[in-house]
Amino acid sequence: MDRCVVLVDAGYLLGAAASLLAGEPARSRITVDHTALIQGLRERAEADTEQPLLRIYWFDGAPDRVPQPEHRRLRVMPRVTVRLGALTRSDGRWAQKGVDAAMHAELTELARNRACSDVVLVTGDGDLLPGLMSAKEHGVAVHLWAVQAADGDYNQSEDLVAEADERRVLDRAWITKAVRAKDTGGVCPPPPAPRPEIAAILSAPLPEAALAASAERASEAQAAAARNGTGVPPADEAVPHPQPGPAHKGVPTPKDLASLRAPGTQTAQHPVPQPAGNATLRWSSDKGWVERQGPLGEPSETASLPTLAQLTSAEQRWADREEDITTVGGDPFEVGQVFARRWMERLPETVHLQKLSTMYPRIPHRIDGELLRYAARFGLLAHKDDQIDEHDRYAIRAGFWREIDVRAAAEHAPAGE
């Protein structure tokens, strides 16, 4: 069959590009325009092989083989197929598992079935040598492409270079059409600046009521230790001793906040303190708390708030998926904004927005659960315990409330402003 196929080892291509442009192979040091990169690969392959393109196979690693945002965008592009291996962390470094085997299997199968006349390999791994030799035995011309090495030397297996029918180098000029180094202002990238909303959450003072509850828990742990005769609280009961005074900093749990709403919490002698300054608390309702009957249960007026799924038609759901894949990145703050924007745009009545605003800073449980499930699509899960990282949860909810605040402010703004 007179057509060409491109097999791309993304780890090699982007790692070598990062070394060339940023001085180290960390892919976090570069920004990639995947649309331009795929178009460049297609044009270059068709020009070099003088054959029309059948397909580009993009081989990459992902934690638990869960597609990341870039994989979601790539796999809906025309003539692109994404194959994912595992991405594991060992000795503080990420390593791909199964990518070479998948490339070998695909290369061998394409050649055996005579699906193409030319194969372009963008890789440097010598483990593909048996597959390359098998493809040649089936009459397929093998073109090996390298990324220009930062030190001017080979960054490919010499055995691969020796066995390939043709070899080309993707130089700096070609790479920079789709890849650029991030401006870090130095050799080591600075830590990302925290968003003000998240910083406010983390710096909020722990209310006095929560401190009292924490002290009570600490006393119970000490009592349990005394009963055990060890003098040391059991691991599952150990609680840090609270430090009295306004200098104490901490993040209240949902139960701490719930205690502020409990009857008898606020008295004339001990009024409920409010967070100082601009500190804001964006806590989801705790499931057990919401379902509990009585004064701590979810207010009846918010139980009627519709979820995004209830407001979304089948056509809108399809359009949402397309937008998620093509335009929405994996930034947690942005994810929260997108979810809130869709929810507000589809509300049949603005009264629902007003009801939600009265719940600030607590997102009703049903909506919050839906928000976090939506965020999980973007690879934000910590895969060991299948939960979203705590800092990401702050950012997701901060983005949600920021979008709600903007719309609510617009609703209340006088006409003409």
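A short reminder: the numbers here are calculations on the coordinates, not readings from a lab. All of these numbers come straight from a predicted model, not from anything done at the bench. Because the Cβ atoms are built from the backbone with ideal geometry, glycine has one as well, and the counts that use them run over all protein chains shown.
Numbers at a glance
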{"item": "Dimensionless Rg ratio for region 309-384, taking C-alpha atoms and the 2.2 N^0.38 Å reference", "result": "1.15"}
{"item": "Residues Phe333, Phe378, sorted so that the one with the fewest Cβ neighbours within 10 Å comes first", "result": "Phe333, Phe378"}
{"item": "Environment charge of Ile325, counting only residues whose C-beta is closer than 9 Å and scoring Lys/Arg +1, Asp/Glu -1", "result": "+1"}
{"item": "For Ala146, distant residues with modelled amide H under 5 Å away", "result": "Arg168, Val169, Leu170"}
{"item": "Highest average packing first - 353-360, 339-346, Cβ atoms within 10 Å", "result": "339-346, 353-360"}
{"item": "Total formal charge among the other residues, if their Cβ is under 9 angstrom from that of Ala111, Lys/Arg +1 and Asp/Glu -1", "result": "+1"}
